[in-house]
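Trainee: One structure, pasted below without further comment.
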Amino acid sequence: MSLSSRPARRPTPYTLQRRLLVILLGSLTLVCILLGLLYNAGMRQTLMSQLNEQLNQAANRAATYSTPQHASHDLFAPGQASGTLNARFVDGNLTAGAWLDERTGDIITITEDDVKPLLSLEVNSKPVARTLSLGNYLLLARPDQGSGGVLITGLPTEPTENALREMAWLTLMIGVLTVISTGLAGTWAIGRSFAPLKRVAAVASSVARTDLETGRVELNQRVAPHDAIPGTEVGNVGRALNALIDNVDSALKVRDRSQAQMRQFVADASHELRTPLSAIRGYTELLSATEHFSDDGRRSVNRVLEQSSRMSTLVEQLLLLARLEESNSYKMHPANLAALAKEITEDFEVTSTDHQWSFTAKTPQVPINCDSSALRRVITNLLGNARKHTSVGNSVSVSVGVDSVSKEAVLTVADTGEGIAPEFLPHVFERFTRADTARSGADGTTGLGLPIAKSIVEAHQGTITVSSEPGHTVFEVRLPLANGTGQRQDKSDQD
């Protein structure tokens with residue numbers, strides 16, 4: 001894969017805790033830099049002022065002590081600091097000049113290389129920095145009253161520069177240590193301050209992960225009272241979250257009661273409709289058998305029989321769906337899914353010879369815990385749909401196996417029919433939905449078969465999915481294995 005085709009990597013989002021820490025350390029760094037610059041600038045000004053004052057004092061002592069008859073070493077009055085430079089120029093010529101060695105204290109005559117920089121100085125001007133063979137010096141030129149020439153005095157700037165350099169490094173180290181220690185302390189303090197907010201977020205995440213679609217959900221998660229105290233930012237958020245959870249919990253309870261009432265109503269109505277529908281069908285069959293009708297009358301009576309039979313089927317399925325949604329409507333016991341699916345497939349081979357049927361068991365024993373009658377209805381419904389919604393001559397294949405990774409039994413029903421329309425595919429498990437004419441078939445349908453199958457599978461802690469394209473439609477049912485491994489069970493445990 002080329003570099004250009006790789007998906008762009010999303011940057012890691014900055015949390016509020018990290019942002020606050022960055023702002024804190026950034027502000028502290030700027031303050032440290034500003035204070036360091038101001039402090040070092042102030043110290044430079046102070047030290048240079050002291051050096052200028054020392055230079056003025058050294059120049060005054062040299063001028064007081066200097067006479068034309070003195071030799072070079074006599075230019076240095078007692079008490080002159082080491083490194084001091086004194087030189088006398090008369091008519092542009094060096095008559096005397098030397099400096100005190102900083103290490104030995106000896107008086108050393110200056111070289112000819114330093115004459116030109118010294119001659120460039122202006123008399124009675126401010127101190128000027130020059131680079132000599134001896135090093136960097138701060139020099140001051142004054143008139144020499146005794147000789148009528150110029151007396152130059154200088155002090156080395158290296159000690160001052162070294163002091164400023166050491167002070168700058170010390171300031172930098174103090175600033176770095178301050179930023180690091182503040183970062184560590186800030187991380188701990190901000191993390192501790194954000195701990196209540198993290199607990200509130202954990203409660204919100206727990207509620208968000210709750211499957212609210214299943215019904216009969218109790219939201220027991222709440223923000224702790226000490227994290228929901230009003231008056232603080234975190235407390236206000238925690239209090240608002242608790243109010244939101246209470247509101248959602250109340251709505252779910254109302255919905256659960258409403259659904260329970262609706263299920264009870266559907267069950268009662270379906271139960272009450274069974275008797276009159278049976279009576280209508282019975283009396284219609286009696287009329288058809290005992291009375292003589294015209295051709296139109298006979299068609300009308302047959303139509304009444306068909307519609308009453310269809311309505312009876314619908315009422316029976318509604319009653320069954322209402323009962324299946326009750327939590328105690330299933331009687332679970334061990335069964336072998338492979339044997340159950342094979343038996344039902346063989347029944348369809350005998351009763352529906354206009355289709356081609358095949359069964360494959362990847363393992364002979366697929367132990368599950370189930371309500372056999374309910375699970376039999378699921379398999380029968382899937383095979384019946386494959387028969388009704390595909391044209392004559394198509395193939396229907398049933399397969400049973402074990403997913404060793406998820407520890408689940410897997411049942412698949414695939415057909416080679418015309419397929420399910422893409423816009424209808426997401427709604428196949430909804431109640432009273434019917435496929436388009438491509439899979440309608442000749443038999444009538446109530447739109448409750450797949451919802452009943454889905455309700456039964458989910459009650460068994462399983463899942464049912466569908467995928468379809470022209471020529472290949474697959475329904476897949478996954479159920480938990482009885483022992484989690486799919487190993488062989490005793491015959492006494494099989495259905």
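The values are calculated or read from the model by the stated rules, or taken from the named source; none is laboratory data. No experiment lies behind these values; they were computed from the predicted model shown. Reconstructed Cβ throughout: ideal geometry from the backbone, glycine too, with neighbour counts over all protein chains shown.
Trainee: Condition first: modelled with pLDDT of 90 or more and under 24 Å from A386 (Cα atoms). Now tell me which residues in region 320-347 satisfy that.
Mentor: The answer is N336, L337, A338, A339, L340, A341, K342, E343, I344, T345, E346, D347.
Trainee: Which residue pairs have Cβ atoms under 8 Å apart, sit 6 or more places apart or on different chains, and have a first residue in region 218-232 that is farther than 16 Å from A201 by Cβ and a second that is of a type in the set (S, T, Y)?
Mentor: Every condition considered, the pairs that remain are L219/T210.
Trainee: Moving on to the next point. Output yes when any residue across region 27-47 is modelled with pLDDT under 85 and surrounded by fewer than 18 Cβ atoms within 10 Å (Cβ to Cβ), and no when none is.
Mentor: No, the conditions are met nowhere in region 27-47.
Trainee: Related question: Looking at (1) modelled with pLDDT under 85; (2) among the acidic types (D, E); (3) buried (at least 17 other Cβ atoms within 10 Å of the Cβ), can you tell me which one D415 breaks?
Mentor: So the condition that D415 fails would be (1).
Trainee: Just one of R199, R142 is at pLDDT 85 or above and assigned by TED's automatic domain parsing to the domain that holds S82; which is it?
Mentor: So the residue among R199, R142 that is at pLDDT 85 or above and assigned by TED's automatic domain parsing to the domain that holds S82 is R142.
Trainee: Among the residues of region 207-249, count how many are outside any helix (DSSP H, G or I) and of a type outside the set (D, E, K, R).
Mentor: First pass over region 207-249, keeping only residues outside any helix (DSSP H, G or I): 209-224, 228-232.
Going one step further and asking which of them are of a type outside the set (D, E, K, R), we end up with 210, 212, 214-215, 217, 219-221, 223-224, 228-232.
Within region 207-249, residues that are outside any helix (DSSP H, G or I) and of a type outside the set (D, E, K, R) number 15.
Trainee: Can you tell which of A243, A260 is surrounded by fewer than 17 Cβ atoms within 10 Å (Cβ to Cβ), small (G, A, S), over 25 Å from the mean Cα position of the chain (by Cα) and modelled with pLDDT of 85 or more?
Mentor: Details: A260 fails: modelled with pLDDT of 85 or more.
So the residue among A243, A260 that is surrounded by fewer than 17 Cβ atoms within 10 Å (Cβ to Cβ), small (G, A, S), over 25 Å from the mean Cα position of the chain (by Cα) and modelled with pLDDT of 85 or more is A243.
Trainee: Here's another thing I want to ask about it. Scan S373, S395, S358, S404 and give me the residue that is in the same structural domain as K342 (by TED's automatic domain parsing), modelled with pLDDT under 90 and more than 20 Å from K454 (Cα to Cα).
Mentor: Details: S373 fails: more than 20 Å from K454 (Cα to Cα); S395 fails: modelled with pLDDT under 90; S358 fails: modelled with pLDDT under 90.
Checking each option against the conditions leaves just S404.
Trainee: With L252, L273 as the choices, which residue is in a helix (DSSP H, G or I), modelled with pLDDT of 75 or more and surrounded by 13 or more Cβ atoms within 10 Å (Cβ to Cβ)? If you could, list the steps in order and put the result at the bottom.
Mentor: On the way: L273 fails: modelled with pLDDT of 75 or more.
One residue alone meets the criteria, L252.
Trainee: Given S492, S467, which one is at pLDDT 85 or above and either in a loop (DSSP other than H, G, I, E, B) or surrounded by fewer than 16 Cβ atoms within 10 Å (Cβ to Cβ) (or both)?
Mentor: Numbers: S492 fails: at pLDDT 85 or above.
Just a single option satisfies the conditions, and that option is S467.
Trainee: What about A442, is it over 38 Å from the mean Cα position of the chain (by Cα), at pLDDT below 85 and of a type in the set (A, V, I, L, M)? Break it down into steps so the answer makes sense when it comes.
Mentor: Numbers: over 38 Å from the mean Cα position of the chain (by Cα): yes; at pLDDT below 85: yes; of a type in the set (A, V, I, L, M): yes.
Yes: the conditions hold for A442.
Trainee: Restricting the search to region 83-104, which residues are more than 20 Å from K116 (Cα to Cα) and exposed (fewer than 14 other Cβ atoms within 10 Å of the Cβ)?
Mentor: Hits for region 83-104 are D101, R103, T104.
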